[in-house]
């Protein structure tokens with residue numbers, strides 16, 4: 001895939017999230033602080049408010065996302081469901097409104113501050129995808145929507161390993177990402193200074209990493225972008241923890 005030009009990136013931001021660390025979240029869990037994720041954390045702290053303004057209503061025009069999230073909520077049957085890389089918490093709040101005990105985790109303390117203010121029906125924790133602030137087998141399901149795209153290639157395996165640790169056997173995991181190859185670097189986003197790399201990922205490589213972590217792949221969906229999204233190919237991988 002051809003990486004977007006800087007000019008296009010400024011005018012059409014990617015829809016992304018990531019999980020965070022550094023603060024003791026509600027519930028007593030403490031995520032490990034990773035210095036190598038500092039630029040991601042700082043960048044999302046910088047854009048937290050404007051990010052929420054632009055994306056808090058995105059599920060209204062994403063019927064496939066709503067259907068997949070509803071399936072995950074139904075599978076959890078009222079038990080605890082994690083949103084890994086929850087950003088300002090709008091997807092976490094939507095799942096709480098659907099009857100789930102929803103927990104959002106994000107790398108940015110500023111994103112979590114927005115989430116706690118706007119989505120009081122859900123719980124939010126600051127934490128990193130590589131050291132989730134969660135107990136072993138705590139969750140009945142989890143989603144990671146566009147949160148793995150800031151990880152280095154060698155961080156995918158440990159991230160999926162952490163997801164497996166936090167999920168009970170038989171739990172569902174839904175992962176979404178921008179499909180392709182290459183890296184888009186951004187130093188400006190919504191007129192704010194940031195330092196971010198957005199990675200396009202191979203669906204085959206992601207599926208393989210998920211399987212190696214101890215999941216069975218149940219479905220994969222590829223779709224083109226919607227009119228209000230950045231012009232990238234989207235991929236969803238639905239998996240179940242089997243061991």
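The values are calculated or read from the model by the stated rules, or taken from the named source; none is laboratory data. Keep in mind that what you see is a predicted model, and the values were worked out from it rather than measured. Note that we place each Cβ from the backbone using ideal geometry, even for glycine, and neighbour counts take in every protein chain shown.
Please enumerate the residues belonging to the range 96-109 that are over 17 Å from residue 138 (Cβ atoms) and either crowded, with 20+ Cβ neighbours inside 10 Å or touching a residue at least 60 places away in the same chain (Cβ under 8 Å) (or both). The answer is 107, 108, 109. Close Cβ contacts (under 7 Å, 6 or more residues apart or on different chains) running from residues in the range 114-132 that are at negative phi and touching a residue at least 60 places away in the same chain (Cβ under 8 Å) to residues that are part of a strand (DSSP E or B) and surrounded by fewer than 24 Cβ atoms within 10 Å (Cβ to Cβ) are absent. Filtered by the rule that a residue be over 13 Å from the mean Cα position of the chain (by Cα) and part of a strand (DSSP E or B), the range 104-125 gives 123, 124, 125.
Considered as a group, the residues in the range 135-150 that are in contact with a strand residue (DSSP E or B) (Cβ under 7 Å, 6 or more places away or on another chain) and assigned to a loop (DSSP other than H, G, I, E, B) include one that is surrounded by the fewest Cβ atoms within 10 Å (Cβ to Cβ), and that residue is 137.
Yes or no: residue 59 part of a helix (DSSP H, G or I), in contact with a strand residue (DSSP E or B) (Cβ under 7 Å, 6 or more places away or on another chain) and modelled with pLDDT of 95 or more? It is false that residue 59 is part of a helix (DSSP H, G or I), in contact with a strand residue (DSSP E or B) (Cβ under 7 Å, 6 or more places away or on another chain) and modelled with pLDDT of 95 or more. Only residues that are over 13 Å from the mean Cα position of the chain (by Cα) and assigned to a helix (DSSP H, G or I) were counted in the range 70-90, giving 7. Residues of the range 153-176 that are in contact (Cβ under 8 Å) with a residue 60 or more places away in the chain and under 23 Å from residue 92 (Cβ atoms): 163, 164, 166, 167, 168, 170, 171, 172, 173, 174, 175, 176. So, residue 93, is that one part of a helix (DSSP H, G or I), in contact with a helix residue (DSSP H, G or I) (Cβ under 9 Å, 6 or more places away or on another chain) and touching a residue at least 12 places away in the same chain (Cβ under 8 Å) or not? It is true that residue 93 is part of a helix (DSSP H, G or I), in contact with a helix residue (DSSP H, G or I) (Cβ under 9 Å, 6 or more places away or on another chain) and touching a residue at least 12 places away in the same chain (Cβ under 8 Å).
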